[in-house]
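**Student:** After the structure tokens below, expect a handful of questions from me.
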Amino acid sequence: MTIFGRTSVVLDLDGTLVDSEPNYYEASRALLADRAGREYTWADNEQYVGVSSVETLALWKAEYGIEASAAELLADLDRRYLALARASTPVYPEMRKLVERLHEAGVPMAVASGSSRAAIEAILAGTGLDAQLTTLVSAEEVPRGKPAPDVFLAAAALLGADPADCVVFEDAAPGAEAARAAGMRCVAIPYIPAHATHEAFAHADLLFPGGHAEFTAQAALELLASQAQA
């Protein structure tokens with residue numbers, strides 16, 4: 001057994017492992033312009049950070065009277081997003097370092113994301129993270145998206161891990177809430193630093209208020225090791 005004991009790690013993708021929000025914003029902006037004739041700003045986009053694509057599209061259908069089916073909208077969003085994502089999706093350097101160190105130590109890891117499976121697979125393949133991260137769960141594969149714990153519990157089940165032994169890495173309040181509801185520990189790296197005071201982050205085991213500008217793989221590894229030894 002390593003210094004990390006029985007610990008398993010569950011990683012959110014968008015805004016946590018990779019900076020994909022600009023691509024999702026542009027795909028969303030184009031979709032709403034075409035489907036609803038609506039202007040969509042970055043400020044509009046911020047309220048959907050951490051919400052699954054399926055749930056976001058359901059909200060848009062109701063609010064803007066979009067007639068297309070949910071499945072059609074999801075396919076449209078994915079098509080627009082993947083065209084952008086394949087061209088450029090940067091991995092946060094300290095997150096790549098974290099994944100590599102955990103992989104070398106044999107720590108079980110899974111990606112649990114609100115994105116579609118197609119988007120998750122494309123991002124991981126395009127960034128090379130698929131070499132270390134092979135266990136994946138999409139919110140479209142569980143009954144409820146975040147802040148419900150379903151996607152994290154499904155990831156733990158695939159890893160054969162007790163939720164109490166899992167540590168979630170998250171950038172958004174709904175994800176932090178989902179981690180707590182799943183009975184898992186949480187390392188919070190707010191994508192939007194202004195959201196760091198959200199009550200959902202108050203229960204995090206480790207919070208980086210400045211987001212990825214403050215996050216270091218070493219600090220996260222030290223936390224995981226200390227909690228395993230405790």
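The values are calculated or read from the model by the stated rules, or taken from the named source; none is laboratory data. Fair warning: this is a prediction, and the values are worked out from it, not measured in the lab. Please note: Cβ atoms are built from the backbone with ideal geometry, for glycine as well, and neighbour counts cover all protein chains shown. Ligands, DNA and RNA are excluded from the accessible area calculation, which covers all protein heavy atoms including side chains. Shrake-Rupley method; radii C 1.70, N 1.55, O 1.52, S 1.80 Å.
**Student:** Find the residue count for the range 205-220, including only residues that are open to solvent by 20 Å² or more (accessible area, probe 1.4 Å), in contact with a helix residue (DSSP H, G or I) (Cβ under 6 Å, 6 or more places away or on another chain) and closer than 17 Å to L11 by Cα.
**Tutor:** Count: 3.
**Student:** Moving on. Could you check the range 106-127 and list, in sequence order, the residues that are of a type in the set (G, A, S) and open to solvent by 30 Å² or more (accessible area, probe 1.4 Å)?
**Tutor:** Matches in the range 106-127: G106, A118, A125, G126.
**Student:** Return the residues of the range 163-182 that are crowded, with 24+ Cβ neighbours inside 10 Å and assigned to a helix (DSSP H, G or I); say none if nothing qualifies.
**Tutor:** G175, A176, A178, A179
**Student:** Also, I was wondering about something else. Just one of the numbered conditions (1) free of Cβ contacts under 8 Å to residues at least 12 places away in the same chain; (2) farther than 23 Å from S52 by Cβ is not true of A157; which one?
**Tutor:** The single condition A157 does not satisfy is (2).
**Student:** Also, I was wondering about something else. Quick check on the range 6-21. Is at least one of its residues surrounded by fewer than 20 Cβ atoms within 10 Å (Cβ to Cβ), in contact with a helix residue (DSSP H, G or I) (Cβ under 9 Å, 6 or more places away or on another chain) and free of Cβ contacts under 8 Å to residues at least 24 places away in the same chain?
**Tutor:** No, the range 6-21 contains no residue that is surrounded by fewer than 20 Cβ atoms within 10 Å (Cβ to Cβ), in contact with a helix residue (DSSP H, G or I) (Cβ under 9 Å, 6 or more places away or on another chain) and free of Cβ contacts under 8 Å to residues at least 24 places away in the same chain.
**Student:** Take V107 and decide whether it is touching a residue at least 12 places away in the same chain (Cβ under 8 Å) and not in a helix (DSSP H, G or I).
**Tutor:** Yes; evaluated as a whole, the condition is true for this residue.
**Student:** Going by the structure shown, is V99 under 17 Å from the mean Cα position of the chain (by Cα), surrounded by fewer than 20 Cβ atoms within 10 Å (Cβ to Cβ) and of a type in the set (V, I, T)?
**Tutor:** In short, no.
**Student:** Quick check on this structure: which one of A173, A182 is within 18 Å of the chain's Cα centre (by Cα), closer than 20 Å to S115 by Cα and touching a residue at least 60 places away in the same chain (Cβ under 8 Å)?
**Tutor:** Among A173, A182, only A173 is within 18 Å of the chain's Cα centre (by Cα), closer than 20 Å to S115 by Cα and touching a residue at least 60 places away in the same chain (Cβ under 8 Å).
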